[in-house]
Amino acid sequence: MMPKAVVLLSGGLDSTVTLAAAIDEGNEPTALSFRYGQRHTKELGSAEAVCKHYEIEHLIIDIDLSSFRSALTDESLEVPSDREGKPDENIPITYVPSRNIIFLSIAAGVCESIGAEAIYIGANAVDYSGYPDCRYDFFEAFRKMLTVGTKAGVEGNPIDIRTPILELSKADIVRKGKELNAPLHLTWSCYNGGGKACGHCDSCRLRLKGFREAGYTDEIEYEG
């Protein structure tokens, strides 16, 4: 019997490659997405398309984080474009406070409810936007918390958090996705909604950089 895993799936490049990795590692995945008050939900459409591609269960949970100060939840704040500087020295306004803490906590609850032994999350600490909840120390601390804060943990079967792309460059993530035949053409990474990706926000710039350095052409459409 295949082990069960919950995969946090935004519909973006990183989470889709992470889902492909979870499947490749022999898990029966349940994809978990959130409608959390983000400025657009285009990624959720991509997440749904990815789940249909793999023919897996897709849970979408509604949780309102719109009162949190972030350009991803507050349309009065501008999404930075063509941002300069090292990401880890300048956490951008697109950071959503405590988002991964909240998402991982809910994912742990789903794990205990369906008998899953692991959570997969597509966090990356190499080519990323500088968010504190995408770093190695954060995930180590959260693993320890799950050992004492869940029924599974106190009974000796703690839920694992797996981060298969944490230490990969964006180019390596693209290569891994291609190797696993992940449907990268179905993904959406842009912080802005619309018919085409903007090509200028942090997420677009990192994605384009990854495809370029990996030697592939990104199959989604960009403005301009």
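A compact table of results
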| read-out | value |
| --- | --- |
| Boolean, residue 201 is surrounded by 14 or more Cβ atoms within 10 Å (Cβ to Cβ), farther than 19 Å from residue 17 by Cα and not aromatic (Phe, Trp, Tyr) | yes |
| Single residue of 146, 166 found to be under 28 Å from residue 3 (Cα atoms), surrounded by 17 or more Cβ atoms within 10 Å (Cβ to Cβ) and either touching a Lys or Arg at 6+ places or on another chain (Cβ under 8 Å) or free of Cβ contacts under 8 Å to residues at least 40 places away in the same chain (or both) | 146 |
| Scan of region 160-182 for residues that are out of contact with any strand residue (DSSP E or B) (no Cβ under 6 Å at 6 or more places or on another chain) and under 27 Å from residue 114 (Cβ atoms), ordered by number | 163, 164, 165, 166, 176, 177, 180, 181, 182 |
| Cβ-Cβ under 8 Å pairs, at least 6 apart or on other chains, region 89-116 side modelled with pLDDT under 95, far side surrounded by fewer than 17 Cβ atoms within 10 Å (Cβ to Cβ) and in a helix (DSSP H, G or I) | 91/132; 95/132 |
| Qualifying residues in region 22-44 (those that are farther than 14 Å from residue 99 by Cβ and touching a Phe, Trp or Tyr at 6+ places or on another chain (Cβ under 7 Å)) - the one surrounded by the fewest Cβ atoms within 10 Å (Cβ to Cβ) | 42 |
| Residues being under 20 Å from residue 29 (Cα atoms) and in a loop (DSSP other than H, G, I, E, B) - total across region 149-164 | 5 |
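Here's the yes/no breakdown for (1) among the small types (Gly, Ala, Ser); (2) free of Cβ contacts under 8 Å to residues at least 60 places away in the same chain; (3) part of a loop (DSSP other than H, G, I, E, B):
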| position | (1), (2), (3) |
| --- | --- |
| 2 | no, yes, yes |
| 19 | no, no, no |
| 30 | no, no, no |
| 34 | no, no, no |
| 39 | no, no, yes |
| 44 | no, yes, no |
| 52 | no, yes, no |
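The values are calculated or read from the model by the stated rules, or taken from the named source; none is laboratory data. None of the values given here were measured: they were computed from a predicted structure. Quick reminder, even Gly has a Cβ in these numbers, built from the backbone with ideal geometry, and neighbours come from all protein chains shown.
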